[in-house]
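Notes follow once the structure below has been shown.
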Amino acid sequence: MSILTAGNLISLINIAFQVYFVLLFVRVLLSWVRIVNPYGKFYRFIFELTEPVLAPFRRIFKPSPSFPVDFSPILAFFALGLLHRLLIYLIITFL
């Protein structure tokens, strides 16, 4: 009997993506509120976990001085949503 079944793997992937989506959302909220110390442990923890995903989108779609809106979180949510669906589809198809 295998401990890692398709259902368990799907549940694990769902939880991992949900946690990461929450981290991204917290990062967005922290960028709107400047009360948080950017050198504090909590902020650094969120930043270090989310920046590897956000940085590539930020390099591709740089905010311009005339329109300084950072679309990288929106693009990251979209790309991670697609990756999540693809992983679930592959697990259902091949396991």
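The values are calculated or read from the model by the stated rules, or taken from the named source; none is laboratory data. Note that the structure is predicted; figures quoted are calculated from it, not measured. Areas reflect the complete protein model, heavy atoms only, side chains present, ligands, DNA and RNA absent. Shrake-Rupley method; radii C 1.70, N 1.55, O 1.52, S 1.80 Å.
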| query | Using heavy-atom solvent-accessible surface (probe 1.4 Å) with all chains present, what is the largest-first order of Leu29, Leu4, Leu9, Leu54? | reply | Leu4, Leu29, Leu9, Leu54
| Listed values [x] 14, 37, 29, 15, 5, 0, 0; [y] 17, 54, 25, 3; [z] 11, 14, 13, 14, 13, 13, 13, 6, 3, entry calculated as P(r) over Cα pairs in 10 Å bins from 0, in percent | [x]
| MRE, 222 nm, helices only [DSSP H, n ≥ 4, -39500 (n - 2.57), over the chain, to nearest 500] | -26000 deg cm²/dmol
| remark: In degrees, nearest 10, the alpha-carbon axis of helix 72-94 is tilted away from the dominant principal axis of the alpha carbons of the chain by 10
| Solvent-accessible area per residue for the chain (1.4 angstrom probe, square angstrom) | 76
| said: Need the C-alpha centroid separation for the range 2-26 versus the range 47-95, integer Å. | reply: 17
| query | To the nearest 10 degrees, how steeply does helix 41-60 sit against the main Cα axis of the chain, on a 0 to 90 scale? | reply | 90
| field | Rounded percent of accessible protein surface that carbon and sulfur make up, the chain, 1.4 Å probe | value | 74
